[in-house]
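Accompanying notes for the structure given below.
Bear in mind that the values in this text are calculations on the coordinates, not laboratory data. A quick note: this is a predicted structure, and the numbers were derived from the prediction, not measured. Note that we place each Cβ from the backbone using ideal geometry, even for glycine, and neighbour counts take in every protein chain shown.
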Amino acid sequence: MFGNDAVGWRVEVYWTDEEEWFAGVITEYNEEQGYYVCYDDGDEKWQESNCPTSMRFLANTIDVDTTNDVQNTTQINSDQTDNYSDDDEPVIPSPVKPQVCPVPQADAVAISPKVSDAIVSKLVIPVTKPSMLKPKIKPSNAIFFKDREELREIKNKLEATKQSLITELEQVKVTLKAASTKSTLLKESIAEYTTKLTVANLASTSKLAAQSPEERTLELSMCNKQMTKENSELLGTKSDIKQRVERLQTKSKSLQLHWENVPQKEKCTLIEVQLEIALLLQQKANLEAKVSEIQPSAHPTESVDTKIIKQKLSEADARIWELKRDCHSWKLQVNQEQTKLAALQARKLALAEQLQRFRSSKVLLRSAFDRCDSDCNGVLTMNETIRLLKVLLEGQEDANFEQTIKTYFQRADSNQDKVIDFNEFCTAFEQIATK
């Protein structure tokens with residue numbers, strides 16, 4: 001489509017600055033400015049070229065006027081036909097003189113082939129008042145094929161529109177699926193955060209006195225589960241810290257061994273290294289001053305002393321840079337070790353506080369005591385007590401641990417019943433754990 005023929009067409013224009021196609025309708029054409037396009041988003045702009053790379057024609061929004069082809073053969077007076085409908089038959093007044101309707105030449109020849117052209121011309125009488133008649137429209141194949149072409153063009157436009165709508169539908173389905181997936185993930189996150197918030201609120205709220213044994217049992221079971229979880233987390237943290245301490249000890253031993261292998265003459269402090277650097281720099285400055293004071297001869301020749309001095313200067317520079325590099329590396333290592341040591345000390349203090357808090361609480365001791373009480377009579381035997389203390393004081397027992405416990409309970413058994421109740425067990429745990 002070129003020129004004014006493109007007016008009324010629905011097109012897609014490619015905007016290079018946004019790298020995207022935008023739909024609109026051509027409403028005007030100008031030879032200088034090009035095509036005036038009204039876009040669907042409300043924007044209006046002149047488009048200079050209509051090449052396929054910048055403009056694509058989709059459909060014609062203006063219906064083709066097919067009445068122009070019939071106007072030459074159907075001249076009907078509008079003033080007289082306004083009162084008639086499509087189904088009404090036209091009223092033809094009776095003429096004063098009988099008139100013969102015009103017969104096509106081909107039909108006349110078919111009816112009377114022997115009639116001459118003169119007789120045919122006499123039979124054809126011109127109509128005096130064509131406005132009073134409604135002439136018969138002669139069928140034409142041109143109109144039929146023109147309608148088929150228009151129908152085919154409309155069909156192509158509808159198919160193109162259908163394909164574009166199918167593409168948009170697929171895009172909408174993909175967007176909807178992505179939104180649904182995102183919504184599911186958000187719902188799961190909200191549920192998880194709600195659970196965490198509920199647990200945090202339960203942990204932070206003050207415990208109320210149980211009104212019944214069932215509520216008290218439920219509260220104690222929840223507390224036991226929470227403390228078991230915290231205990232497992234503390235045990236995991238403890239094992240991690242032990243591994244880190246072992247790695248640091250191994251590294252410290254290797255560094256200590258490396259330090260011991262360093263010759264005694266190369267061992268020096270940071271202050272000594274800095275003093276040596278300052279002295280070497282001073283010597284270098286003095287030597288450079290002496291060299292600058294020496295007047296060059298007419299034929300300069302380097303003496304042996306000059307070569308020796310230059311060699312010493314180069315060796316001194318190399319030594320200075322080597323000492324600076326060693327000093328910097330040792331500084332970095334010292335800072336790293338101090339940082340790690342400070343972090344370990346802080347973690348150790350935090351763990352000590354947590355351990356002290358758990359030791360002061362007798363809920364864990366009560367839970368462990370009830371679990372080892374196989375007879376459920378509220379007391380433990382000597383062997384059960386020793387086994388429980390080994391579990392609670394893991395890492396602190398020595399070779400005489402069992403003998404120490406037996407000796408302690410023989411001295412501390414006030415009622416001489418050879419069994420240990422909960423109070424005696426708590427006292428023994430505190431005494432042995434603080435040693």
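Quick rundown of the values:
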{"quantity": "Search result, residues across region 26-60 that are closer than 20 Å to residue 160 by Cβ, part of a loop (DSSP other than H, G, I, E, B) and touching a strand residue (DSSP E or B) at 6+ places or on another chain (Cβ under 8 Å)", "calculated": "40, 50, 53, 54"}
{"quantity": "Filtered residues of region 222-260 (kept if under 14 Å from residue 364 (Cβ atoms) and more than 39 Å from the chain's Cα centre (by Cα))", "calculated": "223, 224"}
{"quantity": "Within region 37-60, considering residues that are surrounded by fewer than 14 Cβ atoms within 10 Å (Cβ to Cβ), under 36 Å from the mean Cα position of the chain (by Cα) and of a type outside the set (Gly, Ala, Ser), the one farthest from residue 153 (Cα to Cα)", "calculated": "43"}
